[in-house]
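*Asks:* First, the structure itself, so that you have it in front of you.
Values in this text are rule-based calculations from the coordinates and carry no lab data. Everything numeric in this text was worked out from a predicted model, so none of it was measured. For neighbour counting, all protein chains shown are included, and Cβ atoms are generated from backbone atoms with ideal geometry for every residue, glycine included.
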Amino acid sequence: MEKTVLITGCSSGFGRALCNEFKDRGYFVIATARNVMKLADVKADLKIELDVSDERSIRNSMKLILSEVTGIDILINNAGYSVRSAVEEIEIDKLKNMMDVNVFGTIRMMQAVLPVMRKHGGGRIYNIGSISGRMTGIANGGYCSSKYAIEAITEAARYETKDMGIEICVIEPGAMDTDFFGTLARNSDGKMKDPDSCYRKIYERDLNFRSRQAKSDVQICAKRLLQINEDKKLKVRYTIGVSWIYRVFTIMPDGLKEWAVRRFN
Ligand SMILES: NC(=O)c1ccc[n+]([C@@H]2O[C@H](COP(=O)([O-])OP(=O)(O)OC[C@H]3O[C@@H](n4cnc5c(N)ncnc54)[C@H](OP(=O)(O)O)[C@@H]3O)[C@@H](O)[C@H]2O)c1
């Protein structure tokens, strides 16, 4: 019987690519987005409005989904975005909103879907973290902290649900060619282009780095997640589209890492 996959944040980027790949491989795909109109050309069996920062929206969408399907085999918590700046200059409201999507949105979705999975004897949850959940970049403390949180939430929930036939893991992509960097620029560049900021030099380096940063093809990254889903047992974490240099960063001793981040980031 075809397996059902529910994906958040499908209006663009990785979410959209995942819908298309899962659909092509014969899954029953439930694509969700804050604005369902943005799902017009996404391949999916069900297209549902869902804002992960809004509990009522999650309740309503779950009602709709469960009137159409009996169970959910796979949940992919993909919705997320980034706001950048030095810690001293982080706008708390912007940080709260980002945490509400990246962290609390992931928890809310797990709370909504885990009972359904338990009722059907199991399931899989992929929480989309980031390589930024394993290494902290300059001017990126806010976003990195949200992705470090995903690591902890994933591990805890994994241990808690292991005996229920549920497998949970974190997917850690490197830079992917999506709308992510456009959203990041819209959220952050006002502050990062402030000529009076005492972090101006750091921001200039970040803006310059971002403009030349290599980014993976998102469709290839989506295919990789499908491959992972074929594993009999899921590992705790998988990197996707991460260059060797960033993998090395994650295992460096702190002193060397500090030197390397300040030198190359
Ligand atoms: N691209 C990268 O370099 C990269 C690297 C590592 C990890 N990631 C992670 O990968 C995931 C997908 O990002 P992406 O690269 O595909 O970026 P993207 O193209 O900007 O997609 C982000 C998606 O999240 C959705 N979203 C934002 N707020 C939402 C909310 N409140 N409720 C539901 N959906 C919401 C957006 O929908 P709207 O259209 O409604 O805004 C959009 O569909 C994110 O978790 C991101 O942190 C990305």
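*Asks:* Using a Gaussian network model of the chain whose springs link C-alpha atoms within less than 10 Å, name the residue from Lys94, Lys43, Lys63 with the highest mean-square fluctuation.
*Replies:* Lys63
*Asks:* For Asp189 and Glu230 in the same chain, what is the full-extension length gain: residue separation times 0.36 nm, less their Cα-Cα distance, in nm? Can you show the working numbers first?
*Replies:* Values: separation 41, 0.36 × 41 = 14.76 nm, distance 4.01 nm.
Going from the current span to full extension adds 10.8 nm.
*Asks:* Using a cut-off of 12 Å between beta-carbons, work out the net charge of the residues near Lys191 (Lys and Arg +1, Asp and Glu -1, Lys191 not included). Walk me through the numbers on the way to the answer.
*Replies:* On the way: positive: Arg84, Lys94, Arg186, Lys193, Arg200; negative: Glu88, Glu89, Glu91, Asp189, Asp194, Asp196, Asp206.
Overall, the nearby charge balance is -2.
*Asks:* With 24 Å as the limit, write out which pairs from Lys147/Lys223; Lys96/Lys162; Lys3/Lys47; Lys147/Lys191 have Cα-Cα distances beyond it, or answer none. It would help to have the intermediate numbers written out before the result.
*Replies:* Numbers: Lys147/Lys223 22 Å; Lys96/Lys162 31 Å; Lys3/Lys47 16 Å; Lys147/Lys191 22 Å.
Violating the 24 Å limit, Cα to Cα: Lys96/Lys162.
*Asks:* Go ahead and run the numbers for FRET between Arg59 and Tyr159, Cβ-Cβ distance against an R0 of 25 Å, rounding to 0.05.
*Replies:* Details: r = 27 Å, r/R0 = 1.09.
In this case the efficiency is close to 0.40.
*Asks:* Need one word for the chain: rounded, prolate or oblate. Basis is the Cα gyration tensor (sqrt eigenvalues a ≥ b ≥ c); a/c below 1.5 gives rounded, then a/b vs b/c decides. If you can, show how the numbers build up before the last one.
*Replies:* Details: a/c = 1.88, a/b = 1.60, b/c = 1.17.
Judged from the Cα gyration tensor, the chain comes out prolate (a/c at least 1.5, a/b above b/c).
*Asks:* Suppose each label sits 7 Å from its Cα in the direction of the beta carbon; what would the Cys198-Asp100 distance come out to in nanometres?
*Replies:* 3.1
*Asks:* To make sure I understand, if each residue's beta carbon is the centre and we count other beta carbons within 10 Å, what order do Thr161, Thr183 fall in, fewest to most?
*Replies:* Working: Thr161 19, Thr183 16.
Final ranking by Cβ density, sparse to dense: Thr183, Thr161.
*Asks:* Could you list Cys221, Cys144, Cys198, Cys19 in order of exposure, starting from the residue whose Cβ has the fewest other Cβ atoms within 10 Å? Could you put the intermediate results ahead of the total?
*Replies:* On the way: Cys221 23, Cys144 19, Cys198 10, Cys19 28.
Ascending number of Cβ neighbours within 10 Å: Cys198, Cys144, Cys221, Cys19.
*Asks:* Right, something else. Check cross-link reach from Lys232 to the aspartates and glutamates: straight Cα distance under 19 Å, and skip same-chain residues fewer than eight apart.
*Replies:* Filter leaves Glu2, Asp73, Glu155, Asp163, Glu167.
*Asks:* How far is the Cα center of region 101-118 from the Cα center of region 144-220, in Å?
*Replies:* 20
*Asks:* Pull out the extension gain between Val87 and Glu258, defined as 0.36 nm times the separation in residues minus the alpha carbon to alpha carbon distance; nm, one decimal.
*Replies:* Working: separation 171, 0.36 × 171 = 61.56 nm, distance 1.66 nm.
Value of the extension gain: 59.9 nm.
*Asks:* For each of Asp254, Asp231, count neighbouring Cβ atoms within 10 Å of the residue's Cβ, then give the residues from fewest to most. Don't skip to the answer; put the middle values down first.
*Replies:* Working: Asp254 7, Asp231 12.
Arranged by neighbour count, lowest to highest, Asp254, Asp231 become Asp254, Asp231.
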